[in-house]
Amino acid sequence: MSDAENAADEKTPDAGGLSRRGLMGLALGAGATGLVVGAGGGLVGGQAFAREQQKAVMDAAAPASGIHQPGITTEVQEHLHFASYDMMARTTRDDLAELLSDWTYAATRMMQGLEVSASGAVNGSPEAPPDDTGEALGLPASNLTITFGFGPSLFDQRFGLEAQKPAGLERLPAFLGDDLDPLRSDGDLCIQACADDPQVAVHAIRNLSRIAFGRATIRWSQLGFGRTSKTTADQSTPRNLFGYKDGTANILADDTAALDENVWVSASEGPAWLAGGSYLVARRIAMLIETWDRTRLAEQDRVVGRDKANGAPLSGGDEFAAPDFSAVGATDKPAIDARSHVRLAHPDMNGGIRILRRGYNFVDGTTDLGRLNAGLFFLSFQKSPDRFITLQKALATDAMGEYLRHVGSGLWAVPPAAPAGTSIGAGLLGA
């Protein structure tokens with residue numbers, strides 16, 4: 001072949017949508033252990049096959065408009081695998097664009113219940129590592145959604161994105177009660193994979209990490225189980241590890257007015273590439289389970305501001321009754337304590353601010369002291385970081401703070417869904 005023919009063949013996808021370079025990258029990536037990534041190549045995105053599948057997935061995830069990424073207003077699934085990544089040293093803007101293209105292609109396939117390529121886990125050469133790790137073989141898509149975000153640190157001189165950085169996209173400030181581990185905080189990029197089968201969620205992050213080989217390294221990750229919020233009226237209100245119903249007043253997917261007002265970034269509120277997107281906050285919150293479990297029930301109710309049995313506010317009514325902060329209890333004191341979590345977090349106390357929550361419980365074994373290493377992996381979407389910051393500052397005197405420690409934190413801009421034929425972040429990179 002001539003040099004031109006060789007170059008063309010290098011860019012030609014196989015029947016499953018992978019190029020020769022992509023297959024080589026996966027082979028090199030197979031040398032990585034677990035979720036650690038190193039040097040190599042990756043999948044080649046941008047093929048027509050991938051674009052058509054991507055459009056189908058995104059349209060299915062947001063049938064009303066196709067504007068927003070899945071995994072935000074999608075009915076909250078039962079399991080989570082969240083991962084944060086840093087771009088490797090000496091990577092270029094082209095490397096970043098290629099990685100996002102590769103991720104888009106693979107995510108599109110996996111959200112449809114497919115393997116990352118047509119060759120997949122078992123249909124390739126027996127003399128080469130498989131394209132797909134295979135642990136999801138035979139499993140349905142399980143409502144898998146994959147959501148991508150861009151951290152403040154991505155917008156620096158490495159990739160020439162300084163002018164594209166949203167004004168509010170800065171590392172979150174320190175809050176009262178923070179005891180943050182830098183190795184469990186922040187990151188250039190993030191991926192939120194949610195599914196109703198934990199193996200499907202883990203498979204997604206595992207393969208996307210493998211695809212990142214040579215361009216990005218995983219900084220930290222978190223597994224979650226048992227959703228702590230809901231996004232549709234059909235879902236019941238779940239309970240957190242303190243045993244209380246959580247997310248009763250969450251914004252629902254069909255409340256378009258509330259979403260526009262509180263979650264989606266409009267064209268006038270940020271750079272053009274972020275219009276239709278949102279901001280994602282992740283907070284790893286350790287819950288002092290043993291201390292809480294030794295607390296009397298009446299005190300637990302006071303701290304939360306709700307009845308543990310049915311989730312109703314202590315001012316009366318059922319779970320969905322609006323809290324009455326002027327109501328007086330049997331002892332002539334406010335029925336809902338002034339320092340209760342419900343009161344301090346309520347929109348009426350914070351200028352009407354609401355956020356969309358998608359948190360999960362976690363239990364990561366035990367600590368060195370033999371206590372449960374457990375808590376809430378808090379996830380929220382809001383149209384500006386300032387909204388979350390305002391709410392978090394309002395919780396400075398929260399009585400629940402005695403039982404919590406914030407040990408991880410991060411903020412990412414979440415772009416809108418990629419239009420058909422493009423990759424996630426195409427508006428940012430001009431790809």
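Assign one of three labels to the stretch 118-266, namely rounded, prolate or oblate, based on the Cα gyration tensor with a ≥ b ≥ c the square roots of its eigenvalues; rounded applies when a/c is under 1.5, prolate when it is not and a/b is larger than b/c, and oblate otherwise. Because a/c hits 1.5 or more and a/b fails to exceed b/c, the stretch 118-266 counts as oblate. What is the spin-label model distance, in nm, from SER266 to LYS393 if the labels are put 7 Å beyond Cα along the C-beta direction? So the two model labels end up 2.4 nm from each other. The three principal axes of the Cα atoms in the stretch 324-431 give end-to-end lengths of 64, 42, 20 Å, sorted in falling order.
The order of PHE242, PHE213, PHE225, going from fewest to most other C-beta atoms within 10 Å of their C-beta, is PHE225, PHE242, PHE213. D by Stokes-Einstein for the stretch 268-384, Kirkwood Rh over Cα pairs, 37 °C, 0.692 mPa s: 195 µm²/s.
Couplings 3J(HN,Hα) of the stretch 131-147, computed from phi: 5, 10, 6, x, 6, 9, 4, x, 8, x, 5, 6, 6, 4, 10, 10, 10 Hz, in residue order, whole Hz [Karplus 6.51 cos²θ - 1.76 cosθ + 1.60, θ = phi - 60°; x for Gly and Pro].
Overall, the anisotropy analysis places the stretch 212-332 in the oblate class: the square-rooted eigenvalues a ≥ b ≥ c of its C-alpha gyration tensor yield a/c not less than 1.5, with a/b not exceeding b/c. With neighbour counts taken as other beta-carbon atoms within 10 Å, the residues ARG294, ARG302, ARG210 rank, fewest first, as ARG294, ARG302, ARG210. What separates the Cα centres of the stretch 77-115 and the stretch 163-215 is a distance of 11 Å. Full extension of the chain segment joining LEU297 with SER326 gains 8.2 nm, where the gain is 0.36 nm per residue of separation less the Cα-Cα distance. Cβ-to-Cβ counts within 10 Å put SER153, SER142 in ascending order as SER153, SER142, the fewest first. Within a straight-line Cα-Cα reach of under 20 Å, LYS308 can be paired with the following aspartates and glutamates, leaving aside sequence neighbours fewer than 8 residues apart in one chain: ASP246, GLU290, ASP293, GLU299, ASP318, GLU319, ASP324, ASP337, ASP398, GLU402. In a fully extended conformation the segment linking LYS308 and ASN350 would gain 12.7 nm over its present Cα-Cα distance, using 0.36 nm per residue. Segment ALA258..ASP234, full-extension length gain: 6.8 nm, with 0.36 nm per residue of separation and the alpha-carbon distance subtracted. Centre-to-centre separation between the Cα atoms of the stretch 304-353 and those of the stretch 373-431: 25 Å. Only Lys, Arg, Asp and Glu carry charge here, each on its Cβ (+1 for the first two, -1 for the last two); on that basis the stretch 58-212 has a dipole of about 240 debye about its Cα centre.
Bear in mind that the values in this text are calculations on the coordinates, not laboratory data. Since this is a predicted model, take the numbers as computed values, not measurements. Here the Cβ is made from the backbone with ideal geometry for all residues, glycine too, and neighbour counts use every protein chain on show.
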